[in-house]
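Q: This is the structure, below, for whatever I ask next.
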Amino acid sequence: MRAGPRPVAAAPTRLHARDLLGEALTGLVQRPGRSTLTMLGTVLGVWAFVAVLGLTSTATGQITKSFSLLEETTVTVADADPGSAPATSFPADTDARLRRLGGVVSGAFGGPCRCPTR
């Protein structure tokens, strides 16, 4: 295998901040329509992102509030030990007692709900 002459590496050039700024300004001035549309697209994109974050935050807050309200109005009562002696278990007329309580919409004891719903 024959190797040819090695290419001479050119010294790396450096782009200084002043040169970079000059190039950027030249690009902006040469195509003002493109620059305006690019800026408008960026502004609209950021606005849409902020709007979506605001909407999701609002929706999350409302959903959390509704679940918190549900938790505050839902009460679950259960036997400490379902196999315990009859003296510590719920009485047989638990459904009737539940219906007499103010604000009770439904309830169940040992199976499907037998209380009327309003």
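The values are calculated or read from the model by the stated rules, or taken from the named source; none is laboratory data. Here the structure is a predicted model, which means the values were calculated and not measured. Reconstructed Cβ throughout: ideal geometry from the backbone, glycine too, with neighbour counts over all protein chains shown.
Q: When only residues in the range 91-118 that are of a type in the set (K, R) and surrounded by 12 or more Cβ atoms within 10 Å (Cβ to Cβ) count, which is modelled with the lowest pLDDT?
A: Filtering the range 91-118 down to residues of a type in the set (K, R) leaves 97, 99-100, 114, 118.
Filter once more, so that each one left must be surrounded by 12 or more Cβ atoms within 10 Å (Cβ to Cβ): 97, 99, 114.
Details: R97: 81, R99: 76, R114: 50.
Restricting to residues being of a type in the set (K, R) and surrounded by 12 or more Cβ atoms within 10 Å (Cβ to Cβ), the top hit is R114.
Q: Oh, and also: Being modelled with pLDDT of 90 or more and assigned to a helix (DSSP H, G or I) is true for just one of L53, L70. Which residue is that?
A: Working: L70 fails: modelled with pLDDT of 90 or more.
The conditions single out L53.
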